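Trainee: If you scroll down you'll find the structure; I have some questions about it.
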Amino acid sequence: MPEYFNTKSIGQFLKNEWTLLLMAAAFLVLVFLVIMSYRSQSDNLLKLAQMQSDINQLKSRASALQQSQAVSVSELEGASQVLSQLVPDSEDSFSIIYALEKIASASGFIIDSYSLSPKLKGMGKVTVDIRGSGDINAFMKFLEVYKFAGSRFVTSDKMDYSGSKAVAKTITLNFYSDKAVVDETNSPQLTEKDIAFFNEIKSKVNIVLKEEATQTLSTDSLNYQTVENPF
Amino acid sequence: MTKRINLFKVRLHQDKNAKIFQLLKLGVTVAGIALFAVFSYINYRNIEINQNIRQLAAEKQNYLSYLMDNKNTEAQLRYFKSKQSQLLTYAKDDAHFLPYFKVLEEALKPASKSAALETVVIEKDRETSFDVSLADFNEVMAFLKYIESATFLDRFTNLVLSNVSLIQETNKDDKESVRNYKFTFKGSFKEIDAGIF
């Protein structure tokens, strides 16, 4: 051990260089503060970025809503009601039978037979092969109206019609049901195209929308005579 | 024996240390100043960022309250869009028979008296086969002339007259025999733009 590294020399050092020690301590505190501030800044920057992204999402949702104000809520509710009847959330055979009856009565083309499973449940596509009779005019009317006349959306991918016998041996009709998939992250916007789309459907479909029975309380019924003293 | 102490040796050592400490002090001071500048800048930025966060929080609150007020409209809009998308997807399954059927109907017009579409089969991929029956020879000629015209043939990507048959039927009332011509065609239609629905 060198002779200058003893208690006396340490004491001497502390006495002479206490400023250096103080500066070193202050420097270490400063380093610690810088690290803490840097961490805090990083956290804040993350928070800011998250906030910015949230706001962008909310902004686009709000702006989509503002641009969709051309249609009132009640109109939109009506449109949704119509679409949910055309493509219901779940399937039931009665709705298909009713739709076939409506298509037949709207076109004048008589649907003679079809087969349908009574245990029809769930969602998806239901294919019904029908046989029917009617002259060529009724058949053409059927081809014109089958998609919407039954208050259900129907497509057809095969037809076999005999004009001489005025019968359709087979017409394949597809009925659809599916739950609405609501995408929360997306900001739907109602455009002119959507309004035109709905108007086109509305012109083809004949659905009577249920209106909520609103019971209004007449103000006259409240204007009865009152007395201060009940006795 | 005389003991000697070299006082200069310690002094020299102390001078050397003092120089190092002086340099160290200078270094710590410079680094401290630089670090303080960095610390100040970080804090200044932190204040700025916090201000931005506060502003954005207020903005977010505004948007949220607007969306809460219009919650019902937005829900209806999402539902409408979802059902619309389903409808547009399912519409692609449809074969749009009517315009194709009309093409065949048009073909019978030049021979309208006795011409009849016996059978018509149209598939989703527009493959078709149809039988046309005609009773009069002149009408047969008019019909053949029309179906060989570009107006009619342009509606098909391919069309083949697969069978011609002559059926002799006896009329029950006047017991006269009636000749019936039956033409069977097979082919596929060109796509007709019938819109979405």
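The values are calculated or read from the model by the stated rules, or taken from the named source; none is laboratory data. Since the structure is predicted, the reported quantities are computational estimates derived from the model, not experimental observations. All Cβ positions, glycine included, derive from the backbone under ideal geometry; neighbour counts span all protein chains shown.
Trainee: Condition first: part of a strand (DSSP E or B) and closer than 19 Å to A:Phe139 by Cβ. Now tell me which residues in the range B:122-160 satisfy that.
Mentor: Within the range B:122-160, B:Ile122, B:Glu123, B:Thr128, B:Ser129, B:Phe130, B:Asp131, B:Val132, B:Ser133 meet the criteria.
Trainee: Could you say which residue among A:Met36, A:Met23 is surrounded by 18 or more Cβ atoms within 10 Å (Cβ to Cβ) and not assigned by TED's automatic domain parsing to the domain that holds A:Thr170?
Mentor: That would be A:Met23, the only listed residue that is surrounded by 18 or more Cβ atoms within 10 Å (Cβ to Cβ) and not assigned by TED's automatic domain parsing to the domain that holds A:Thr170.
Trainee: Taking the condition of being surrounded by 15 or more Cβ atoms within 10 Å (Cβ to Cβ) and either assigned to a loop (DSSP other than H, G, I, E, B) or aromatic (Phe, Trp, Tyr) (or both), how many residues in the range A:184-201 meet it?
Mentor: Qualifying residue count for the region: 6.
Trainee: Would you mind stating whether B:Tyr66 is of a type in the set (Ser, Thr, Tyr), assigned to a helix (DSSP H, G or I), modelled with pLDDT of 90 or more and loosely packed, with under 14 Cβ neighbours inside 10 Å?
Mentor: no
Trainee: Considering only residues that are part of a loop (DSSP other than H, G, I, E, B), touching a strand residue (DSSP E or B) at 6+ places or on another chain (Cβ under 9 Å) and more than 8 Å from every other protein chain (Cβ to nearest Cβ), which ones fall in the range A:166-183?
Mentor: Scanning the range A:166-183 gives a single hit, A:Ala166.
Trainee: Within the range A:130-165, how many residues are in a strand (DSSP E or B), modelled with pLDDT of 90 or more and small (Gly, Ala, Ser)?
Mentor: 3
Trainee: Please work out if A:Asn137 is within 13 Å of chain B (Cβ to nearest Cβ) and within 30 Å of A:Asp157 (Cβ to Cβ).
Mentor: Yes; evaluated as a whole, the condition is true for this residue.
Trainee: Given the options A:Ser187, A:Ser156, name the one that is of a type outside the set (Val, Ile, Thr), in contact with a strand residue (DSSP E or B) (Cβ under 8 Å, 6 or more places away or on another chain) and facing chain B (nearest Cβ under 10 Å).
Mentor: Checking each option against the conditions leaves just A:Ser156.
Trainee: Condition first: away from every other protein chain (no Cβ under 13 Å), in a helix (DSSP H, G or I) and among the small types (Gly, Ala, Ser). Now tell me which residues in the range A:64-116 satisfy that.
Mentor: A:Ser93, A:Ser95, A:Ala99, A:Ala104, A:Ser105, A:Ala106
Trainee: Considering only the range B:110-151, state which residues are free of Cβ contacts under 8 Å to residues at least 40 places away in the same chain, closer than 20 Å to A:Gly132 by Cα and of a type in the set (A, V, I, L, M, F, W, C).
Mentor: B:Ala116, B:Leu117, B:Val120, B:Val121
Trainee: I'd like to know if the range A:11-28 contains one or more residues that are within 59 Å of the chain's Cα centre (by Cα) and closer than 30 Å to B:Asn52 by Cβ.
Mentor: No: the range A:11-28 contains no residue that is within 59 Å of the chain's Cα centre (by Cα) and closer than 30 Å to B:Asn52 by Cβ.
Trainee: Assuming A:Asn56 fulfils every condition listed in (1) at pLDDT 85 or above; (2) farther than 20 Å from A:Ser187 by Cα; (3) outside the structural domain of A:Val154 (by TED's automatic domain parsing) apart from one, which condition is it?
Mentor: With respect to (1) at pLDDT 85 or above; (2) farther than 20 Å from A:Ser187 by Cα; (3) outside the structural domain of A:Val154 (by TED's automatic domain parsing), A:Asn56 is out only on (2).
Trainee: Output the number of residues of the range A:97-125 satisfying the condition of being at pLDDT 90 or above and either surrounded by fewer than 17 Cβ atoms within 10 Å (Cβ to Cβ) or of a type outside the set (S, T, N, Q) (or both).
Mentor: Matching residues across the range A:97-125 total 17.
Trainee: Scan B:Glu48, B:Glu74 and give me the residue that is under 49 Å from the mean Cα position of the chain (by Cα), at negative phi and modelled with pLDDT of 90 or more.
Mentor: Only one candidate qualifies: B:Glu48.
Trainee: Right, another one. Pick out the one residue from A:Ser53, A:Ser90, A:Ser80 that is over 28 Å from A:Lys193 (Cα atoms) and of a type in the set (S, T, N, Q).
Mentor: The conditions single out A:Ser53.
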